[in-house]
Amino acid sequence: MRLAHYLAQCGVASRRQASRLIEAGRVLLNGNQASHTDYIDEHNASSLRVDGKAIAPEAKAYWLYNKPIGIDCRLLAQDPASLIHQLPSAPRLYPAGRLDKDSRGLLLLTNDGDLTHKLMHPDFYHPKTYHVQVNQPLKDEDIMALSTGVAYPGVLTRRCEVRRLADDKFEMILTQGLNRQIRRMCKALGYKVIDLQRTAIMKLELNSKEFEQLADNKMRPLEAAELISLLSILS
């Protein structure tokens with residue numbers, strides 16, 4: 001198994017983040033600095049170290065978190081606003097996808113690197129739902145433009161579902177998830193986002209009628225039915 005894949009399976013980080021750890025020289029295998037071409041098997045797995053710590057597979061965990069504005073999803077111990085300071089000491093968790101610091105709403109926290117890869121990669125087209133408020137009433141033609149695709153430097157966004165919630169509010173279901181995508185789409189059309197909340201990740205809902213609703217800055221493990229639904233979609 002490739003090293004980054006194994007690190008993801010062990011819950012160290014997502015595959016992408018694991019690749020960054022390797023590039024930074026923080027991963028040792030058989031006492032030597034590891035590379036992306038290294039493979040893990042039963043003979044060398046016990047020699048694997050990240051930042052000097054032995055790595056081994058751990059039980060998979062899946063939690064939901066209602067992120068408030070002001071929390072940064074980057075796991076930086078030196079940043080007092082980092083999400084890392086909100087996470088439990090066990091199980092080890094990291095976000096499967098991010099919300100920017102000025103946005104709020106649903107995050108999936110896990111140590112399942114394969115699931116994280118499938119959830120974040122745009123080729124899988126997994127929907128995420130957002131409620132957005134802008135600084136002025138939306139024109140009907142701009143609602144249409146948001147749904148059919150918006151161009152901004154270097155990007156033409158993928159088609160998505162958009163419906164109006166109020167004069168200045170709309171719901172958007174994205175399958176793309178580019179960096180600050182909704183804010184940049186709105187800016188390209190002459191609007192400023194003043195509130196952005198993720199309300200659902202696929203069938204996981206922030207305000208589900210069936211399961212416990214999450215208060216601001218609270219988290220909980222997925223219920224069995226939620227986990228079964230999630231894993232069946234991503235299988």
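A few comments on the model shown:
One line per residue, one yes/no per condition, for (1) at pLDDT below 90; (2) touching a Lys or Arg at 6+ places or on another chain (Cβ under 7 Å); (3) more than 17 Å from Leu178 (Cβ to Cβ):
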residue: Asp79; (1), (2), (3): no, no, yes
residue: Leu83; (1), (2), (3): no, no, yes
residue: Gly97; (1), (2), (3): yes, no, no
residue: Asp102; (1), (2), (3): no, no, no
residue: Leu119; (1), (2), (3): yes, no, no
residue: Tyr125; (1), (2), (3): yes, no, no
residue: Val132; (1), (2), (3): no, yes, no
residue: Met144; (1), (2), (3): no, no, yes
residue: Tyr152; (1), (2), (3): no, yes, no
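- Scanning the range 61-86 for residues that are open to solvent by 20 Å² or more (accessible area, probe 1.4 Å), over 23 Å from Ile194 (Cβ atoms) and free of Cβ contacts under 8 Å to residues at least 40 places away in the same chain yields Arg74, Leu75, Leu76, Ala77, Gln78, Asp79, Pro80, Ile84, His85.
- Filtered by the rule that a residue be touching a strand residue (DSSP E or B) at 6+ places or on another chain (Cβ under 8 Å), modelled with pLDDT under 90 and surrounded by fewer than 19 Cβ atoms within 10 Å (Cβ to Cβ), the range 1-36 gives Met1, Arg2, Gln17, His36.
- Every residue from the range 191-215 that is modelled with pLDDT of 95 or more and open to solvent by 50 Å² or more (accessible area, probe 1.4 Å): Lys192, Ile194
- Where a residue in the range 101-129 is without any contact (Cβ under 8 Å) to a residue 60 or more places away in the chain and more than 27 Å from Gly70 (Cβ to Cβ) and its partner, wherever it lies, is open to solvent by less than 50 Å² (accessible area, probe 1.4 Å) and not in a helix (DSSP H, G or I), with Cβ under 7 Å and at least six apart: Pro122/Gln176; Tyr125/Thr175
- Condition met for Met172 (at pLDDT 95 or above and over 18 Å from the mean Cα position of the chain (by Cα)): no
The values are calculated or read from the model by the stated rules, or taken from the named source; none is laboratory data. Since this is a predicted model, take the numbers as computed values, not measurements. Positions of Cβ are backbone-derived with ideal geometry, glycine not excepted, and every protein chain shown enters the neighbour counts. Ligands, DNA and RNA are stripped out before the accessible areas are found, and what is left, the full protein with its side chains, is counted by its heavy atoms. Shrake-Rupley method; radii C 1.70, N 1.55, O 1.52, S 1.80 Å.
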